[in-house]
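Some notes on the structure that comes next.
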Amino acid sequence: MSIDPRSDEGLDFGIDSMIRDEPGYRIGFTVEALGNDDSLEIVLRTIDRITWWKSLSYFMFVQGNRGTGPEIRIETEDDTHEARQFLFGPALTSIATLELWKGGIGGFGAFAGSLPINAWANQGRRIIFTWHQD
């Protein structure tokens with residue numbers, strides 16, 4: 001196992017860290033065992049007092065440090081504080097990325113960060129991003 005999300009070994013179960021920790025962008029990152037070795041689950045959570053739009057996008061490929069190709073997106077907003085998505089088979093590539101976004105000014109999203117990931121090596125894991133402060 002590894003602490004490097006791009007490793008061929010997959011992320012360590014039990015990781016509990018912050019992917020970004022500053023005013024407006026306090027986002028936790030945890031890894032759990034899924035109990036299903038042929039998929040990867042991504043989860044986006046917000047604490048109850050956060051109601052502005054948040055998004056977690058999965059891209060199968062990376063170009064110029066940004067996600068490209070088909071996008072799989074989950075979102076939270078208003079009273080919806082958790083969204084989940086299972087990723088299977090062809091969607092699981094070794095050169096993928098996860099991107100976090102939040103509501104911005106004038107209806108445009110504000111980029112909050114990304115995590116390049118070897119999704120294929122991370123089958124059997126649930127990767128959870130929790131937005132603690134907006």
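The values are calculated or read from the model by the stated rules, or taken from the named source; none is laboratory data. In this text the structure is predicted, and so the values were computed from the model without any measurement. Methodologically, a virtual Cβ is constructed for each residue, glycine included, from the backbone with ideal geometry; neighbour enumeration extends over all protein chains shown. Heavy atoms of the whole protein, side chains included, go into the accessibility calculation; ligands, DNA and RNA do not. Shrake-Rupley method; radii C 1.70, N 1.55, O 1.52, S 1.80 Å.
Counting only other residues whose beta carbon sits under 13 Å from that of residue 82, what net charge do I get with K and R as +1, D and E as -1? Don't skip to the answer; put the middle values down first.
On the way: positive: 45, 54, 84, 126; negative: 41, 48, 75, 77, 78, 79.
Residues close to residue 82 contribute a combined charge of -2.
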Notebook entry, point to check: Who wins for biggest fluctuation among 95, 27, 105 in a Gaussian network model of the chain, springs between alpha carbons below 10 Å?
Noted result: 105
Checklist line | Solvent exposure, largest accessible area first (probe 1.4 Å, DNA, RNA and ligands not counted), of 18, 60 | finding: 18, 60
Note to self: If I stretch the segment between residue 71 and residue 2 completely, what's the gain in nm (0.36 nm per residue apart, minus their alpha carbon distance), one decimal?
What the structure shows: 22.3 nm
Notebook entry, point to check: Which residues in the stretch 73-99 have a backbone N closer than 13 Å to a point placed 7 Å from the Cα of residue 36 along the Cα-to-Cβ line?
Noted result: 84-89
Notebook entry, point to check: Relative contact order for the chain: what is it in percent, counting Cα pairs under 8 Å that are at least 6 residues apart?
Noted result: 35
Notebook entry, point to check: At residue 13 and residue 52, where each label point lies 7 Å from the Cα along Cα→Cβ, what is the point-to-point distance in nanometres?
Noted result: 3.7
Notebook entry, point to check: Counting only residues 5 or more places away or on other chains, whose amide H sits under 5 Å from the amide H of residue 47 once H atoms are built in the peptide plane?
Noted result: 131
Check: Any idea how far the Cα center of the stretch 45-87 sits from the one of the stretch 16-39, in Å?
Finding: 12
Next item on the list: Subtract the Cα-Cα distance of residue 94 and residue 22 from 0.36 nm times their separation in residues, and report this length gain in nm to one decimal.
Entry: 23.0 nm
